[in-house]
């Protein structure tokens, strides 16, 4: 990834929108992600309506498709807004140019529609976009009162965010964008992105090697990223048609288990070589997997088969299966009490199973089917993301009770605990957002725009 070098903002003459042969010939295998924000200290109510947005180089011009064409300073002062998220041709680009369709600002309490700059507005860049990489840019817009005469030129500048240590960041996979969003949890700001491949779903982290592993469903592969530098190291191919969807890293066994949703299998990769050392055929419709550290058994929720497949890696064979629900989809393990919490894909409930006996020992009813579950052994609380009622339910399995519910802005997907276990991070796939919730309250602390269709999140 390359950072932009900010220069003075100058109005530029609009360049031709036609693409030169050089730019057309280039393959758009790089990514450009731009966020825009407004400084609270300089806030003045204003709205910009954008026309054409283009990226310029000496070789020609590329048209950009902004995620939003209306910029509202009130919204952008609260949180960043995703501005551009698209593939582009690699190359060197020197400016970003925006035509302005309308401006609304204020002088005192009076609403004013100043004269538009006919040439638009541009930010000078020194932007090197490399093949296979995701180039990340933040624009800061400073709303100000229009001058007494002449066109009103919006003030945009490029800023360079600093990326905090690993303990303060979260990584979100974006299935439709093909990248991973890097979030500073303290400021609730996006600070970087990582291009990983097509269809990124689940993500795992190795604290020993400080590596991220990303399941690439459309590439039938696993991407390996150096977490500190956010650099893609390699892509490990699986079998054609596997559609890897979930990951389980077992550090003491030096194994990475890859659940392949389309081929009804689990691939076993050795660490750190990431060689394929085994393949486990499981029951139809695998959705999620966990491991019992005491026995080493793997438990795989198989929705179509209606059972939980139990496998012993030491014996390299299945041990048994558990039938506790007709459509098990999500699993969470309490290793101290040796209980498995199973979320149903059709019924609004979570069933608790004793791993030693296989008997059902409890059940908690939910307001909707759980799309994601996570268990916190420090507090013995279970968190369940209820999709249709748009909440994260806080549960105590020992008493089969729901303590409270955290209301979300939209239907949640997979969820995760922060590294300090003080926050729940919930993906909202339908609206391309992540919400951060305090576990001690019932309010959302921050809402962050991610890439398209966030799938999973992890907080190292």
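Throughout, read-outs are computed from the coordinates displayed, never taken from laboratory work. Not measured: the values here are computed from a predicted model. Ideal geometry is used to build each Cβ from the backbone, glycine not excepted, and the neighbour counts take in all protein chains shown.
Kindly identify segment 196-281 as rounded, prolate or oblate by the Cα gyration tensor criterion: order the square roots of the eigenvalues as a ≥ b ≥ c, call it rounded if a/c is under 1.5, otherwise compare a/b with b/c, prolate if a/b is larger, else oblate.
Since a/c reaches 1.5 but b/c is at least a/b, the shape of segment 196-281 is classed as oblate.
At a Förster distance of 51 Å, what's the computed FRET efficiency of residue 148 paired with residue 128, Cβ-Cβ distance as r, to 0.05?
E between residue 148 and residue 128, to the nearest 0.05, is 0.80.
Which whole-number percent is the relative contact order of segment 196-281 (Cα, under 8 Å, 6+ apart)?
Once normalised by length, the contact order is 19 percent.
Please give the length that would be gained between residue 396 and residue 281 if that part of the chain were fully extended, namely 0.36 nm times their separation in residues minus their C-alpha to C-alpha distance (nm, one decimal).
Full-extension gain reported as 38.0 nm.
Can you compute the FRET efficiency between residue 363 and residue 176 using 1/(1 + (r/R0)^6), with r the Cβ-Cβ distance and R0 = 25 Å? Round to the nearest 0.05.
E between residue 363 and residue 176, to the nearest 0.05, is 0.10.
Between residue 109 and residue 346, how many nm apart are label points set 7 Å from Cα along the C-beta direction?
That separation, rounded to one decimal, is 6.2 nm.
Tell me, in nm to one decimal, what length is gained between residue 52 and residue 317 on full extension, where the rule is 0.36 nm per residue of separation less the Cα-Cα distance? Don't skip to the end; give the middle numbers.
Numbers: separation 265, 0.36 × 265 = 95.40 nm, distance 5.96 nm.
Full-extension gain reported as 89.4 nm.
Gap in Å between the Cα centre of segment 358-383 and the Cα centre of segment 136-161?
Computed from Cα coordinates, the inter-centre distance equals 49 Å.
Over segment 101-197, what is the relative contact order in whole percent, taking alpha-carbon pairs under 8 Å and six or more residues apart?
22
Sequence gap at least 6, Cα distance under 8 Å: using those rules, report the relative contact order of the chain to the nearest whole percent.
Values: 1334 pairs, mean separation 47.3, N = 460.
Dividing the mean separation by the residue count of the chain yields 10 percent.
Here are several values of Cα extents along the principal axes in Å: [x] 68, 53, 35; [y] 59, 54, 46; [z] 81, 49, 34. Which one was derived from the coordinates shown?
[z]
Ignoring everything except DSSP H segments at least 4 long, calculate the 222 nm mean residue ellipticity for the chain; use -39,500 (n - 2.57) per segment, divide by total residues, nearest 500. Each step should come with its number before you reach the end.
Numbers: 2 runs with 11 residues, N = 460.
Dividing the helical sum by the residues of the chain leaves -500 deg cm²/dmol.
Enter the Cα centre distance for the pair segment 422-449 and segment 201-265, rounded to the nearest angstrom.
First find each Cα centre; the distance between them is then 25 Å.
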